[in-house]
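Peer 1: Mind looking over this structure? Questions follow.
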Amino acid sequence: MVRPDLILEQRRVASPPTSEPQTRAEALAIAARALRSAEHVCVLTGAGISAESGVPTFRDAQTGMWANFSAQQLATPQAFADHPHRVWHWYAARREAVRAAQPNPAHAALVLLAARVSHCTLVTQNVDDLHQRAGSRDVVALHGSLMRARCSAGCIGSTEPDDTVTTRAPNCTACGALLRPDVVWFGEALPPQQFETARSAAVACDLFLSVGTSNVVAPAASLPWLAASHGATVIVVNSTMEGQRQGPSVLPLEGPAGVMLPRLVEAAFAGKRTRQREQQGGQ
Ligand code: BV8
């Protein structure tokens, strides 16, 4: 009897890279081949995928009245406890910037990718909802959403923040406590259901696609390596490979996500019908 894990092993490895890609074109061709033969793709995105939509990354220096603070300083329970209205105002300003932004070709390419592979799990660290606005479904948002608020005393669930007043945190209509952004702050646990979905997708996938993330913030940063340690090929799309882990199962695609992702999806699926079309047996 053939040992199931061997079958699993044979199935899992989506044509890993055979040799070091010499040129970017070669890297793209190898990545496209791996993507085309992948059964289950797990995608992890970070702030870099929204950079070309004009949404600043966490690395970008803060501007305006927040110029003296790092994003990490403001995104903590302590900062909200000490300066709730300053933190609320910062999130209201980010909401306004995101409302004025549009999803870019990188977001759109992931919608196309999901329609071309048999199983795709899209995990994001971003709180800007641009994947959802681009048409991606079942997005696993590990760090919450800018577009929602909740009672800081935990008495009511998620609500839509009303931004008529942006400089002061509003009060909860049920208990009077302050409302807070429905995001995960540093030092806070991720929503268990979302993290478990992301973790099991990383374990089960045969191709992991990391896009526009510095892979610094835990536990999201562990996901690509969880996938690699379970035999998956890891494609890294980033404007710089600086600080990105390299390795035999890693395929670096250096360049802006808004350029590299559409190229990758085109190279992998040009002429390939969508899953739906295949199921309908249609032309
Ligand atoms: C937790 C929501 C425990 C809020 C966010 C010391 C060592 C290790 C870990 C820790 C440590 N001390 C503390 C920790 C844990 C901490 C952590 O990892 N800290 C880091 C800084 C070391 N993690 C936590 O606190 C997590 N919680 O551990 O809880 C616990 C457990 C049980 C019970 C109680 C507690 C919570 C982490 C989540 C925090 N919230 N966001 C908000 O947004 O306001 S994190 C936030 O920062 C983002 O969501 C994202 O995750 C992260 C930013 O990273 P990126 O998205 O990668 O963005 P970045 O700007 O860094 O990089 C951009 C990248 O894009 C770059 O690589 C750049 O080259 C690239 N790029 C730019 N332009 C483009 C591009 N790529 C392609 N195309 C382009 N055009």
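The values are calculated or read from the model by the stated rules, or taken from the named source; none is laboratory data. Nothing here was measured: the structure is a model prediction, and the numbers come from that model. Reconstructed Cβ throughout: ideal geometry from the backbone, glycine too, with neighbour counts over all protein chains shown. The protein model used for the area step is the full one, side chains on, heavy atoms only, and it has no ligands, DNA or RNA in it. Shrake-Rupley method; radii C 1.70, N 1.55, O 1.52, S 1.80 Å.
Peer 1: Give me a count of the residues in the stretch 213-244 that are more than 23 Å from R36 (Cβ to Cβ) and not hydrophobic (A, V, I, L, M, F, W, C).
Peer 2: 11
Peer 1: Another question, then. Of the residues that make up the stretch 209-228, is at least one part of a strand (DSSP E or B), closer than 21 Å to A198 by Cα and more than 9 Å from the ligand (Cβ to nearest atom)?
Peer 2: Yes, the stretch 209-228 has at least one match.
Peer 1: Can you tell me which residue in the stretch 236-252 is most open to solvent (accessible area, probe 1.4 Å), limited to those that are within 12 Å of the ligand (Cβ to nearest atom) and of a type in the set (A, V, I, L, M, F, W, C)?
Peer 2: Among those that are within 12 Å of the ligand (Cβ to nearest atom) and of a type in the set (A, V, I, L, M, F, W, C), it is M241.
Peer 1: Which number in (1) β-branched (V, I, T); (2) touching a His at 6+ places or on another chain (Cβ under 7 Å); (3) open to solvent by 40 Å² or more (accessible area, probe 1.4 Å) marks the one condition that I156 misses?
Peer 2: That leaves (2) as the condition not met.
Peer 1: So which residues in the stretch 27-58 are part of a helix (DSSP H, G or I) and more than 11 Å from the ligand (Cβ to nearest atom), if there are any at all?
Peer 2: Within the stretch 27-58, A27, L28, A29, I30, A31, A32, R33, A34, L35, R36 meet the criteria.
Peer 1: Moving on to the next point. Please determine, by comparing only the residues of the stretch 253-274 that are more than 9 Å from the ligand (Cβ to nearest atom) and small (G, A, S), which one is modelled with the lowest pLDDT.
Peer 2: G271
Peer 1: Answer yes if at least one residue in the stretch 135-146 is away from the ligand (no atom under 16 Å from the Cβ) and either more than 26 Å from the chain's Cα centre (by Cα) or among the charged types (D, E, K, R) (or both), and no otherwise.
Peer 2: Checked the stretch 135-146: at least one residue is away from the ligand (no atom under 16 Å from the Cβ) and either more than 26 Å from the chain's Cα centre (by Cα) or among the charged types (D, E, K, R) (or both).
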